[in-house]
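Visitor: Pasting a structure here, questions to come.
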Amino acid sequence: MTSFRFHNFDFTQSSVMGADAAEPMMSNWPVVYLIHSPSDIYVGETGGATGRLFQHLQSDAKRHLEEVRLVLDKSFNKSVCLDLESYLIRLLSGDGRYAVLNRNEGITNREYYQRGDYQKKFDEIFEELRALGYFTRSIPEIENTDLFKLSPYKALNTEQAVAVNEVMEGLVEDLETDRRSVSVIQGGPGTGKTVVGIYLIKLLRDLATFDPSDEVHGDSVFSDYFLQGSRDLFENLHVGLVVPQQSLRKSIQKVFLRIPALRDVRVLSAFDVAESPEDFDVVVVDEAHRLTQRAAQAHGTLTKRYVDIVRSMRGEDDLTVTQLDWIRHRARHVVLLLDSGQSVRPADLDASTLDAVCAEARAHSRLYPLTTQMRVAGGSAYVECIAAVMSGKTPSPAPDDFAYDLRMFDDLAEMHQAIRARDADVGLSRLVAGYAWKWVSAKDKQAADIEIDGVRLRWNGTATDWINSRRALEEVGSIHTVQGYDLNYAGVIIGKDLQYDPGAGRLVISRNDYFDSKGKANNPMVGKVTTDADLERYITNIYRVLLTRGMRGTYIYVVDPVLRDYLRTALNTYLNRH
């Protein structure tokens with residue numbers, strides 16, 4: 001295949017004209033181009049670079065850009081250029097060297113003739129651009145960043161694109177009729193709910209700020225929204241993203257600050273929405289199953305704020321009001337991303353509330369399922385296997401092509417060493433565990449929380465962004481610091497909170513060996529007792545989440561020897577024998 005080359009020049013009218021005179025491929029050949037300033041960058045593809053660059057020179061949003069770099073290759077065609085454009089946008093966004101100015105609706109992931117050969121060339125283009133200072137990290141390093149994992153610049157699969165498109169169609173209808181609405185996107189672990197939520201927020205902001213000089217990708221499922229009439233609907237919308245978990249919320253806030261179109265979008269807690277001085281037009285709620293009902297909050301001040309919010313809504317205290325009610329009260333249009341199988345505390349919205357809102361969305365044709373596995377290399381087979389085992393069922397045998405790195409260890413030190421080795425190889429490999437040990441290091445920084453066969457470990461030393469913290473590889477993450485995140489490898493420690501009763505032939509839980517006080521407390525405010533059946537659901541949900549964090553592999557150490565033998569048998573066809 002013909003080799004590529006670069007051609008660069010200043011982003012001025014005279015320089016574009018000069019380049020057109022000097023470079024035959026400028027005016028009539030498929031090319032990819034980068035326009036940048038010291039801080040911002042725009043990536044595009046076109047069959048006529050001269051004309052497109054003149055259009056960009058008329059754009060207020062791009063006038064501050066200073067230099068153009070063309071990627072030229074006689075073997076390029078439209079499909080190749082669309083793919084290379086998407087590839088560079090995703091990596092530039094994940095690297096963080098520049099703030100990316102592109103919309104996200106043109107990100108594609110489509111097959112074409114000799115795509116594998118072209119992708120090898122793309123890697124060569126990346127390395128040359130990296131040598132020129134466009135990137136500060138390698139591709140594996142970029143792919144491990146939150147900027148990459150939580151980026152809106154993702155190629156949606158068909159199922160995700162359909163969900164976003166149908167949410168958008170409903171939203172246009174509701175905005176035009178001024179009707180309040182609730183939509184639900186429902187999916188299990190790894191189906192890309194967070195990706196969909198962030199993509200949707202970015203699409204809304206792109207529509208509001210659409211630059212008419214930008215070319216609309218005609219083959220994008222979202223291109224029809226970039227019409228003047230649609231833009232008028234979205235231009236002044238007050239939009240927010242709610243993320244109940246503090247750690248994930250902080251991570252997404254950092255990502256949004258790096259994306260110009262999202263800098264003015266607030267990433268909020270439910271309290272922030274309820275106490276906002278302004279109502280919202282659209283609120284997207286990620287991990288909506290972690291919204292809470294009335295219960296004692298983590299801190300007494302939050303409990304008082306809860307009461308004050310309810311009184312401001314209803315004129316009096318009402319124990320039945322939940323955080324979901326707050327959000328629906330303050331937002332005209334609510335989009336919930338949820339999985340009831342990931343509720344892990346009694347204070348989380350109960351199953352009846354989640355079932356009711358799903359039924360309401362279904363009745364108005366606003367319930368959108370996600371089923372395709374996007375995280376775990378083991379695919380749906382592995383996720384369904386874990387769901388079956390945690391439900392006390394026998395999983396189906398592993399498919400013949402199952403290649404996920406699932407291992408069980410009899411020695412915790414050996415598993416920790418294996419996780420260290422995977423982290424050295426590919427990064428983002430961490431130990432995680434069920435809440436089966438007291439958190440004594442919270443008060444005594446020298447104490448060990450988890451002691452097993454001479455191995456002494458501490459819980460995560462920070463509640464926010466623990467996965468990327470300096471000591472993370474030598475600590476153990478809890479459910480509250482890893483839910484919603486991806487790891488390359490997860491080393492899961494299953495404590496004595498989960499056991500196996502061979503006489504009954506079923507999983508059982510040990511209340512005395514579960515140490516999340518908020519995770520097993522009764523809720524006297526609303527007269528609810530956390531039964532053993534409730535606690536079993538929370539504990540098995542926790543392990544279901546932890547066992548599906550690892551994209552490349554999951555390593556398992558089980559404290560209870562009877563449960564260890566049971567899981568080794570149940571997972572037999574899935575286990576890596578090497």
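Visitor: So the check is Cβ under 6 Å with 6+ separation or different chains; which pairs have a first residue in the stretch 171-187 that's of a type outside the set (Ser, Thr, Tyr) and a second one that's at pLDDT below 90 and surrounded by fewer than 22 Cβ atoms within 10 Å (Cβ to Cβ)?
Guide: Leu175/Leu233
Visitor: Of the numbered conditions (1) over 21 Å from the mean Cα position of the chain (by Cα); (2) more than 18 Å from Ala490 (Cα to Cα); (3) modelled with pLDDT of 95 or more, Leu337 fails exactly one; give the number of that condition.
Guide: Of (1) over 21 Å from the mean Cα position of the chain (by Cα); (2) more than 18 Å from Ala490 (Cα to Cα); (3) modelled with pLDDT of 95 or more, only one is false for Leu337: (1).
Visitor: Could you say which residue among Ala388, Ala351, Ala381 is over 24 Å from Ser181 (Cβ atoms) and loosely packed, with under 15 Cβ neighbours inside 10 Å?
Guide: Details: Ala351 fails: over 24 Å from Ser181 (Cβ atoms); Ala381 fails: loosely packed, with under 15 Cβ neighbours inside 10 Å.
Selected residue: Ala388, the only one of Ala388, Ala351, Ala381 that is over 24 Å from Ser181 (Cβ atoms) and loosely packed, with under 15 Cβ neighbours inside 10 Å.
Each row is one residue, and each column tells you yes or no for (1) surrounded by fewer than 18 Cβ atoms within 10 Å (Cβ to Cβ); (2) not assigned by TED's automatic domain parsing to the domain that holds Arg69.
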| site | (1), (2) |
| --- | --- |
| Leu101 | no, no |
| Asn104 | no, no |
| Asn109 | yes, no |
| Lys121 | no, no |
| Glu128 | yes, no |
| Phe148 | no, yes |
| Glu166 | yes, yes |
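Visitor: Shifting gears a bit: If you check Gly484, Gly491, which single one turns out to be within 30 Å of Asn144 (Cα to Cα), out of contact with any Pro (no Cβ under 6 Å at 6 or more places or on another chain) and modelled with pLDDT of 95 or more?
Guide: Result: Gly491 is the single residue among Gly484, Gly491 that is within 30 Å of Asn144 (Cα to Cα), out of contact with any Pro (no Cβ under 6 Å at 6 or more places or on another chain) and modelled with pLDDT of 95 or more.
Visitor: Right, something else. Looking only at residues in the stretch 466-510 that are among the charged types (D, E, K, R) and touching a helix residue (DSSP H, G or I) at 6+ places or on another chain (Cβ under 6 Å), which one is farthest from Ile450 (Cα to Cα)? Steps first, please.
Guide: Initially, the stretch 466-510 is screened for residues among the charged types (D, E, K, R), giving 470-471, 474-475, 486, 496-497, 501, 506.
Next, from what is left, pick out any that are touching a helix residue (DSSP H, G or I) at 6+ places or on another chain (Cβ under 6 Å): 486, 496-497.
Values: Asp486: 23, Lys496: 12, Asp497: 13 Å.
Here the residue is Asp486.
Visitor: Related question: Could you please find all residues in the stretch 292-322 being among the hydroxyl-bearing types (Ser, Thr, Tyr) and in a loop (DSSP other than H, G, I, E, B)?
Guide: Initially, the stretch 292-322 is screened for residues among the hydroxyl-bearing types (Ser, Thr, Tyr), giving 292, 301, 303, 306, 312, 320, 322.
Passing the criteria: Thr320, Thr322.
Visitor: Right, next: Here are Arg470, Arg375, Arg430: which of them is of a type outside the set (Ser, Thr, Tyr) and at pLDDT 95 or above?
Guide: On the way: Arg470 fails: at pLDDT 95 or above; Arg375 fails: at pLDDT 95 or above.
Selected residue: Arg430, the only one of Arg470, Arg375, Arg430 that is of a type outside the set (Ser, Thr, Tyr) and at pLDDT 95 or above.
Visitor: Consider the stretch 65-102. How many of its residues are assigned to a helix (DSSP H, G or I) and aromatic (Phe, Trp, Tyr)? Spell out how you get there, then give the answer.
Guide: Here is the first cut: in the stretch 65-102, the ones assigned to a helix (DSSP H, G or I) are 78-95.
Checking the rest, the ones that are also aromatic (Phe, Trp, Tyr) come to 87.
Qualifying residue count for the region: 1.
Visitor: Output the residues belonging to the stretch 235-248 that are modelled with pLDDT of 95 or more and either among the hydrophobic types (A, V, I, L, M, F, W, C) or part of a helix (DSSP H, G or I) (or both).
Guide: Listed by number, the residues that qualify are Val239, Leu241, Val242, Val243.
Visitor: Then there's this: In the stretch 506-516, which residue that is surrounded by 15 or more Cβ atoms within 10 Å (Cβ to Cβ) and of a type in the set (D, E, K, R) is modelled with the highest pLDDT?
Guide: Looking at residues that are surrounded by 15 or more Cβ atoms within 10 Å (Cβ to Cβ) and of a type in the set (D, E, K, R), I get Asp513.
Visitor: Given the condition within 30 Å of the chain's Cα centre (by Cα) and in a loop (DSSP other than H, G, I, E, B), answer yes or no: does some residue in the stretch 523-531 qualify? Give the derivation first.
Guide: Within the stretch 523-531, the subset within 30 Å of the chain's Cα centre (by Cα) is none.
Within the stretch 523-531, not a single residue is within 30 Å of the chain's Cα centre (by Cα) and in a loop (DSSP other than H, G, I, E, B).
Visitor: Do we find that Thr481 is out of contact with any strand residue (DSSP E or B) (no Cβ under 6 Å at 6 or more places or on another chain), closer than 26 Å to Lys250 by Cα and crowded, with 16+ Cβ neighbours inside 10 Å in this structure? Step through it out loud before you land on a result.
Guide: Details: out of contact with any strand residue (DSSP E or B) (no Cβ under 6 Å at 6 or more places or on another chain): yes; closer than 26 Å to Lys250 by Cα: yes; crowded, with 16+ Cβ neighbours inside 10 Å: yes.
Considered against the rule, which asks whether it is out of contact with any strand residue (DSSP E or B) (no Cβ under 6 Å at 6 or more places or on another chain), closer than 26 Å to Lys250 by Cα and crowded, with 16+ Cβ neighbours inside 10 Å, Thr481 comes out as yes.
Visitor: Determine which member of the set Thr12, Thr46 is closer than 30 Å to Glu111 by Cβ and either at pLDDT below 95 or in contact with a Leu (Cβ under 9 Å, 6 or more places away or on another chain) (or both).
Guide: Working: Thr12 fails: closer than 30 Å to Glu111 by Cβ.
Sole residue among the options that is closer than 30 Å to Glu111 by Cβ and either at pLDDT below 95 or in contact with a Leu (Cβ under 9 Å, 6 or more places away or on another chain) (or both): Thr46.
So that you can scan it fast, the table gives a plain yes or no per residue for (1) closer than 17 Å to Met390 by Cα; (2) surrounded by 23 or more Cβ atoms within 10 Å (Cβ to Cβ); (3) of a type in the set (Val, Ile, Thr); (4) touching a strand residue (DSSP E or B) at 6+ places or on another chain (Cβ under 6 Å):
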residue	(1), (2), (3), (4)
Lys496	yes, no, no, no
Asn523	no, no, no, no
Val526	no, no, yes, no
Val529	no, no, yes, no
Asp534	yes, no, no, no
Arg549	yes, yes, no, yes
Ile556	yes, no, yes, yes
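Visitor: Could you figure out which of (1) assigned to a helix (DSSP H, G or I); (2) buried (at least 21 other Cβ atoms within 10 Å of the Cβ); (3) within 23 Å of the chain's Cα centre (by Cα) isn't true of Gly519?
Guide: It is condition (3) that Gly519 fails.
Visitor: Follow-up question, since we're still on this one. Can you name the number of the only condition in (1) more than 26 Å from Leu147 (Cβ to Cβ); (2) in a helix (DSSP H, G or I); (3) modelled with pLDDT under 95 that Ala261 fails?
Guide: (1)
Visitor: Can you list the strands (runs of 3 or more DSSP E) lying wholly within the stretch 1-61 that have 1 or more residues being closer than 24 Å to Gln114 by Cα and without any contact (Cβ under 8 Å) to a residue 40 or more places away in the chain? Give the steps one after another, and end with the answer.
Guide: Details: elements: 5-10, 31-36, 40-46.
Correct list: 31-36.
Visitor: Can you pull out every residue in the stretch 353-395 that is within 23 Å of the chain's Cα centre (by Cα), in a helix (DSSP H, G or I) and among the β-branched types (Val, Ile, Thr)?
Guide: Val357, Val383, Ile386
Visitor: Considering only residues that are of a type in the set (Val, Ile, Thr), in contact (Cβ under 8 Å) with a residue 60 or more places away in the chain and part of a helix (DSSP H, G or I), which ones fall in the stretch 544-574?
Guide: Going residue by residue through the stretch 544-574, those that are of a type in the set (Val, Ile, Thr) are 545, 548, 554, 556, 558-559, 562, 569, 573.
If we keep only those that are in contact (Cβ under 8 Å) with a residue 60 or more places away in the chain too, we end up with 545, 548, 554, 556, 558-559, 562, 573.
The answer is Val545, Val562, Thr573.
Visitor: Can you name the residue in the stretch 425-449 that is within 30 Å of the chain's Cα centre (by Cα) and either surrounded by fewer than 15 Cβ atoms within 10 Å (Cβ to Cβ) or not assigned by TED's automatic domain parsing to the domain that holds Tyr489 (or both) and is also nearest to Asn144 (Cα to Cα) among such residues?
Guide: So, considering only residues that are within 30 Å of the chain's Cα centre (by Cα) and either surrounded by fewer than 15 Cβ atoms within 10 Å (Cβ to Cβ) or not assigned by TED's automatic domain parsing to the domain that holds Tyr489 (or both), the one nearest to Asn144 (Cα to Cα) is Asp425.
Visitor: With the condition being of a type outside the set (D, E, K, R) and more than 22 Å from Thr540 (Cα to Cα), I'd like the strands (runs of 3 or more DSSP E) fully within the stretch 419-486 carrying at least 2 qualifying residues.
Guide: Working: elements: 429-433, 450-452, 455-459, 475-477.
By residue number, 455-459.
The values are calculated or read from the model by the stated rules, or taken from the named source; none is laboratory data. What you see is a predicted model; the values in this text were computed from it and never measured. Positions of Cβ are generated from backbone atoms using ideal geometry, with glycine treated the same way; all protein chains shown enter the neighbour counts.
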